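None of the figures in this text is laboratory data; all of them are computed from the coordinates on show. Keep in mind that this is a model prediction, so the values were computed, not measured. Cβ placement follows ideal geometry from the backbone for every residue including glycine, while neighbour counts extend to all protein chains displayed.
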Amino acid sequence: DRNRYYQFTAETPRRQPTEQDAEQLLVRAEALLRKHRRWSLLTTRWPVWRLLDRLGAKEVVNVTSGTSWFWMFVFPHRVRSDGLISNRIRATSKAYCLQLFQDEVMRLAAESPSRQLRLVEAGPHIGDCMLWAASEFGERIRALAVEPVAQVVSLFRRSIIANGFEQRIDLRHAWCGSEPSVPSTGPPSPASVRAAPPPIPWISLDSVLDEDIDVLKIHTNGGERQILDGAARLFSKHKV
């Protein structure tokens with residue numbers, strides 16, 4: 001099953017198969033239920049439970065945050081960490097955002113009620129923290145988020161558009177570090193060049209930031225040192 005809702009891949013969204021299984025299963029379900037109106041249907045090998053689970057895993061959630069709320073697109077499955085996090089958001093209607101981050105942003109906002117806050121996040125996943133901040137503080141937030149994984153970028157960007165946060169959150173689809181580290185494997189074949197998706201660019205924080213930063217949040221499961229190395233000038237010239 002190559003559907004992106006059931007198997008996490010590194011393919012870009014335009015190269016992924018279309019999500020059509022729910023519609024197809026509904027058509028099959030109606031036909032089968034009309035034909036066999038017995039409890040024995042529930043013990044067959046037909047994917048009844050997968051259908052019910054898929055229909056119960058909604059893709060967009062109305063997330064509440066204090067006195068505000070926002071729409072958030074999540075993975076409509078319960079598989080692996082992406083599905084578990086999305087399932088938690090569905091169940092609680094709360095953003096999966098570290099409380100320490102929220103407390104710090106709220107403290108800074110209270111200390112300087114008229115100042116715009118500059119937030120930066122490397123590895124935002126589907127955007128919980130930046131969406132929360134943009135919803136909670138509105139135009140007082142100016143955020144930059146850098147994420148390399150196409151699937152989560154796609155969901156995060158849909159959330160940004162759905163909430164009208166384009167002017168508050170600048171989302172970059174890129175690797176964040178110091179210098180790109182790409183192994184040399186010789187010249188690619190013409191066939192591999194045609195089949196390969198567009199390369200994901202590398203950026204350093206030094207290349208995109210030249211100002212004071214109120215909060216820098218990094219969650220990259222091992223790439224934190226490279227990201228900090230790529231922000232040496234930022235730390236030497238500005239308050240972070």
Between Glu111 and Ser236, 0.36 nm times their residue separation minus their Cα-Cα distance comes to what?
42.6 nm
Tell me which residues come under 5 Å, amide H to amide H, from Lys217 once H is placed; ignore anything under 5 positions away on its chain.
Val120, Glu121, Ala122
Dividing the mean separation of Cα pairs under 8 Å (6+ apart) by the residue count of the range 52-109 yields a relative contact order in percent of 29 percent
Looking at the range 81-178, which trypsin sites (Lys or Arg not before Pro) are DSSP coil and have at most 16 other C-beta atoms within 10 Å of their C-beta?
Lys94, Arg115
What's the magnitude of the charge dipole for the range 83-175 around its Cα centre, counting Lys and Arg as +1 and Asp and Glu as -1 at the beta-carbon? Answer in Debye, nearest 20.
160 debye
